[in-house]
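Working notes, structure below.
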Amino acid sequence: MMSMRRSVKPMEMREPGPNAAQLALLLKIAARVPDHGKLAPWRFIVFEGEGRGRAGQIFGRIYKEQHPDAEVERISTEQKRFLYAPVVVGLVSSASVHVKIPVWEQELSAGAVGMNLTLAAWGMGFRSAWLTDWMAYDRAVLAELGLATHEKIAGFIHIGSTDAQPDDRARPEMSQIITKF
């Protein structure tokens, strides 16, 4: 059976988002992934309530510092980035060199966490969008969020409700993406 889950743009999201118990369950489901060595090479940063606005102030300030000629509208866009969806979960990949488990395997584990989170949100009746944007790669932003130098943002997963129709653009057919050996 084909999955009906599709991303919805954060600016099309609204309340309600998951309550505290639902969010705890979503994160618990998300964390049940293949994890060679049980390293849990990922963690979550939850942005909700006023925390979304505080994050936006950080994004706007850093963007303005790095782009002093930026138009006011663009800075405003950066400040509002997390205000649309009621909950945004920063998925942090904390993969590091290990004697037995390669970094790429740890990063795949973090990716599986993100996919589980998007599917679990859909299963609870919410909509989601897994995005990166420039903030996920910017060292100044990562430092402001308290990430260690080896940590990266694997994405920001926006979760909320919407009446908007999901993006249903054509996807490649399976016959186009399978190579038989």
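Per-residue answers, yes or no, for (1) within 24 Å of residue 64 (Cα to Cα); (2) of a type in the set (Gly, Ala, Ser); (3) modelled with pLDDT under 90; (4) outside any helix (DSSP H, G or I):
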residue: 92; (1), (2), (3), (4): no, no, no, yes
residue: 97; (1), (2), (3), (4): no, no, yes, yes
residue: 114; (1), (2), (3), (4): no, yes, no, no
residue: 140; (1), (2), (3), (4): yes, yes, no, no
residue: 147; (1), (2), (3), (4): yes, no, no, yes
residue: 154; (1), (2), (3), (4): yes, yes, no, yes
residue: 160; (1), (2), (3), (4): no, yes, no, yes
residue: 164; (1), (2), (3), (4): no, yes, yes, yes
residue: 170; (1), (2), (3), (4): no, yes, yes, yes
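Total residues in region 39-60 satisfying the condition of being in contact (Cβ under 8 Å) with a residue 24 or more places away in the chain, in a helix (DSSP H, G or I) and over 19 Å from residue 19 (Cβ atoms): the figure is 5. Hey, does region 67-89 have a residue that's modelled with pLDDT under 90 and within 18 Å of residue 147 (Cα to Cα)? No, region 67-89 has no match at all.
For region 82-115, a residue qualifies if it is in contact with a Lys or Arg (Cβ under 7 Å, 6 or more places away or on another chain) and either surrounded by fewer than 19 Cβ atoms within 10 Å (Cβ to Cβ) or not polar (S, T, N, Q) (or both), and the qualifying residues are 82, 83, 88, 92, 94.
Within region 131-145, the set of residues being in contact (Cβ under 8 Å) with a residue 60 or more places away in the chain, surrounded by fewer than 19 Cβ atoms within 10 Å (Cβ to Cβ) and within 16 Å of residue 93 (Cβ to Cβ) comprises 131, 138, 145.
Within region 9-23, one or more residues are more than 22 Å from residue 132 (Cβ to Cβ), modelled with pLDDT of 95 or more and surrounded by 13 or more Cβ atoms within 10 Å (Cβ to Cβ).
The values are calculated or read from the model by the stated rules, or taken from the named source; none is laboratory data. Because the structure is a prediction, the values reported are computed rather than measured. Here Cβ is always computed from backbone atoms with ideal geometry, including for glycine, and neighbour counts include all displayed protein chains.
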